[in-house]
1. Only one of (1) touching a helix residue (DSSP H, G or I) at 6+ places or on another chain (Cβ under 6 Å); (2) of a type outside the set (Gly, Ala, Ser); (3) within 15 Å of ILE41 (Cα to Cα); (4) surrounded by fewer than 19 Cβ atoms within 10 Å (Cβ to Cβ) fails for LEU90. Which number is that?
2. For residues in the range 179-192 being of a type outside the set (Lys, Arg) and exposed (fewer than 14 other Cβ atoms within 10 Å of the Cβ), which is farthest from TRP93 (Cα to Cα)?
3. Please verify whether GLU158 is of a type in the set (D, E, K, R), out of contact with any strand residue (DSSP E or B) (no Cβ under 7 Å at 6 or more places or on another chain), assigned to a helix (DSSP H, G or I) and over 19 Å from GLN25 (Cβ atoms), treating the condition exactly as stated.
4. Going by what's in this entry, would ASP51 be described as in contact with a Lys or Arg (Cβ under 8 Å, 6 or more places away or on another chain), of a type outside the set (Gly, Ala, Ser), touching a residue at least 24 places away in the same chain (Cβ under 8 Å) and farther than 20 Å from LEU10 by Cα?
5. Can you tell me which condition SER160 does not meet? The list is (1) in contact (Cβ under 8 Å) with a residue 40 or more places away in the chain; (2) surrounded by fewer than 19 Cβ atoms within 10 Å (Cβ to Cβ), and all the others hold.
6. Give me the pairs, please: first residue somewhere in the range 56-77 and within 19 Å of MET14 (Cα to Cα), second residue anywhere and surrounded by fewer than 19 Cβ atoms within 10 Å (Cβ to Cβ) and among the polar types (S, T, N, Q), beta-carbon distance under 7 Å, and either six or more positions apart or on two chains.
7. Among what's in the range 130-188 and is of a type in the set (Asp, Glu) and more than 17 Å from the chain's Cα centre (by Cα), pick the residue that is nearest to GLU60 (Cα to Cα).
8. Going by the conditions given, is THR110 in a helix (DSSP H, G or I), under 11 Å from the mean Cα position of the chain (by Cα) and in contact (Cβ under 8 Å) with a residue 60 or more places away in the chain?
Amino acid sequence: MNMPAPPALLVEDMPPADSLEQRLQADLRSDHAGETGAVWIYRGILALSRDPEIRAFAREHLETEKIHLAFFDNWLPRHLQSRVLPLWRLAGWTLGALSLLGGRRGVYLTIDAVETFVVEHYQEQIARLQHQQEHREVRAVLRRFQRDEDHHRSDAAERSAADGSNQESWIGRRWRTVVGEGSRLAVMAARRL
């Protein structure tokens, strides 16, 4: 499921984050917090799982998330980053660890749910920037990250289906709701904190 490596993202090609309007800065702060959480989801999985398939899945997607996080780390000055990054690390690690309670199916369901939310979250931002010519570099980064996250989502969904998990149980549906609602609340908090 490896995707070809895209060209490097260069912070130097981006407008200074300080020059962007406050709403966009808040969106980017939530994106940075989300990418922090994503890195730690996979770290939580890797810390506790001994399943070779799950470990390979987590390592592959962790590498992409680390690229996203490094980009935001380098682009956003410290004062524009979330003030509660340790909370997003803990929340991500805990979510990754908890997903293992459901075995492979739990991990794939969790990643599918998280990435479904993230793809929609990026799409909302892209749509808001669609008609603003001065933000084409920001849109391009968001689109690229959205494609990567959609790959993670579809990979998890395909692996879940291949693992015989075609039908989601009521527990799975509830878990998906909890993960989606938790992600929505985290974005709201990260935009402000």
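1. Checking LEU90 against (1) touching a helix residue (DSSP H, G or I) at 6+ places or on another chain (Cβ under 6 Å); (2) of a type outside the set (Gly, Ala, Ser); (3) within 15 Å of ILE41 (Cα to Cα); (4) surrounded by fewer than 19 Cβ atoms within 10 Å (Cβ to Cβ), the one that fails is (1).
2. In this case the residue turns out to be MET188.
3. yes
4. yes
5. Failed condition: (2).
6. Hits for this filter: zero, empty list.
7. Among residues in the range 130-188 that are of a type in the set (Asp, Glu) and more than 17 Å from the chain's Cα centre (by Cα), the one nearest to GLU60 (Cα to Cα) is GLU158.
8. So THR110 fails the test.
The values are calculated or read from the model by the stated rules, or taken from the named source; none is laboratory data. This structure is a prediction, so every number in the text was calculated from the model and none was measured. No Cβ is skipped: glycine too gets one built from the backbone with ideal geometry, and neighbour counts run over all protein chains shown.
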